[in-house]
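Enquirer: One structure coming up, written as structure tokens, with questions to follow.
The values are calculated or read from the model by the stated rules, or taken from the named source; none is laboratory data. Everything quoted here is computed from the prediction, not taken from an experiment. Positions of Cβ are backbone-derived with ideal geometry, glycine not excepted, and every protein chain shown enters the neighbour counts.
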Amino acid sequence: MSLSLLDWIIIIAYLVGCLAAGLSMRRYVRGVEDFAVAGREMNVNLGIASLAATEMGLVTIMYTAQLGFEKGLAGAMIGVLMALAFWIIGKTGFIIGPLREAGVITIPELFEKRFHRRVRWLAGLFVVLGGLLNMGIFLRLGGEFLVWATGMPPSWLEWVMTGLLGVVLIYTTLGGMLSVLVTDYLQFLVMGVGLVVTSVIVIFNVGGLDLISGLQLAWEGKSNLPLESHPFNPFHESSLGWGYILWMMIFQIAAATTWQTVISRVLSAKDSATAKKMYRRTAFYFVGRFLLPGLWGAAAFVYFSRLGGLPEGVTSLTAMPNYLGIVLPVGLIGLVIAAMLAAEMSTDSGYLLTWATVIYNDLISPCLRKPLAPKSRLLLTRCLVLGIGVFLLFYGLWYELPGNAWDYLAVTGNIYLASVFTLLVAGLYWPRANSRGAYAALILGAIGPIMFLLLGSKYSIAPEVAGAAAFGLAAAGMIVGSLSVPKPSAQT
């Protein structure tokens, strides 16, 4: 469909308002600590909004909808596991408590205090590698949504991506974490309204009971579109399966305690008690993060099945935005597009800032003979944000996914999640851990995910195999490497 004048007014008004709010924070940025962690003054409510907004991007909506299209409602199981992981960590303070009390800006900074400066640098390298590869498809998936939902020509996708990234870069580069927090709050509100309204319309369009029966018929092979995965039982061998779910449980615990964009909110909190409350109160949100867009994907499956199949050029990834472009009325589609832009911008801004901070703090800073002046540090960090934006723009144009989007994101995240999670657990809770074990954990933990990216499509490597191998190898490296040193005082 084509957007009406009213739709464009809603979208443009939102973009202008978001940009103005982000730029207004520039005057409060006095140094890198204000830029990177907002002066460590974030309260619980702002933390909830920022964490939820950053971890609910347009890429999230795309891959969860794809899970819903391919696996029905069973795909929401990943959200249940994520919510459980956040609630347990928020209740116990596992890792996030001592990490916040350490007063660091990034996770690798802690490793210099606990192990060695070179461990910090290597960990920072893997964090950046995994983070940038993970974020590399964000713009592509965001552009796919906007093109298919609005009816824009596919040739516009690159221009849409470039323009959206440009807006995010402007306020993130100038205002840092302060701009990210303020715009996240606005985006959280707009996004919440968009999610609820869209879900209600989708249910009325397809019909709640008809959605269930449509998925069941597809599973039984009685519809125009076959469904090879059990739509309601995530433990079924045709669906996620036990092995995948066990990997996801470990993965979600590691992500909640190690994923730098999440941890940046912990490090920006007033204290560890604030961080724990933020985790507990945000936990339930992650069920909706997977369930509602997954519902849209499942509804798209049933809708197109009734029509006899997918339109030409539409895939499991683009079916949902194509469906929304058909069923949402004039005016409301503008609101939904604004909500999706909110999701994309909040995620992109948080991720750009996070990886730029890690590059400066853990890769460049340890190599300097003397610290840079505060203004030079701030300028360099801002330049890094811009540089990452340019990299993401070009990477997102040519990389082809070796499977569905969620598996790619999980495995690229695993490049550093498994090893850095192992280092955090050992460094905080195992006195015998040392730098030799840290080196082994970092290197071995990256092997499985990198092999999946390079050879996964050629040799049909299952993502759960690559992911589980990363955690197993990292743990083995830490244990064997640390125990190979006779006494703690003999650390290398």
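Enquirer: Would you call Ala269 touching a residue at least 60 places away in the same chain (Cβ under 8 Å) and touching a strand residue (DSSP E or B) at 6+ places or on another chain (Cβ under 6 Å)?
Expert: Yes: the conditions hold for Ala269.
Enquirer: List every residue pair whose Cβ atoms lie under 9 Å apart, where the two residues are 6 or more positions apart in sequence or sit on different chains, the first residue falls within region 445-465 and is closer than 27 Å to Leu424 by Cβ, and the second residue, located anywhere, is part of a helix (DSSP H, G or I) and modelled with pLDDT under 65.
Expert: Final answer for the pair search is Met451/Tyr459; Ala462/Gly456; Pro463/Gly456.
Enquirer: Just a yes or no: is a residue in region 143-161 assigned by TED's automatic domain parsing to the domain that holds Ile11, among the β-branched types (Val, Ile, Thr) and under 30 Å from Gly445 (Cα atoms)?
Expert: No - not one qualifying residue is present in region 143-161.
Enquirer: Filter region 241-283 down to the residues that are under 17 Å from the mean Cα position of the chain (by Cα) and among the aromatic types (Phe, Trp, Tyr) and list them by number.
Expert: Phe251, Trp259, Tyr279
Enquirer: Given the conditions (1) in contact (Cβ under 8 Å) with a residue 24 or more places away in the chain; (2) surrounded by fewer than 23 Cβ atoms within 10 Å (Cβ to Cβ); (3) among the aliphatic types (A, V, I, L, M), and given that Ala102 satisfies all but one, which numbered condition is not satisfied?
Expert: (1)
Enquirer: Still on this model: With respect to Val330, is the statement that it is over 23 Å from the mean Cα position of the chain (by Cα) and touching a residue at least 40 places away in the same chain (Cβ under 8 Å) true?
Expert: Judged against the criteria, Val330 is a match.
Enquirer: Identify, from the list Arg432, Arg436, the residue that is part of a helix (DSSP H, G or I) and among the charged types (D, E, K, R).
Expert: After ruling out the rest, the residue left standing is Arg436.
Enquirer: Shifting gears a bit: So, in region 361-406, exactly how many residues are touching a Lys or Arg at 6+ places or on another chain (Cβ under 6 Å) and modelled with pLDDT under 80?
Expert: Within region 361-406, residues that are touching a Lys or Arg at 6+ places or on another chain (Cβ under 6 Å) and modelled with pLDDT under 80 number 1.
Enquirer: Further question on the same structure: Quick one: in region 361-378, of everything that is in contact with a helix residue (DSSP H, G or I) (Cβ under 8 Å, 6 or more places away or on another chain) and outside any helix (DSSP H, G or I), which residue is surrounded by the most Cβ atoms within 10 Å (Cβ to Cβ)?
Expert: If we take residues in region 361-378 being in contact with a helix residue (DSSP H, G or I) (Cβ under 8 Å, 6 or more places away or on another chain) and outside any helix (DSSP H, G or I), then Leu372 is surrounded by the most Cβ atoms within 10 Å (Cβ to Cβ).
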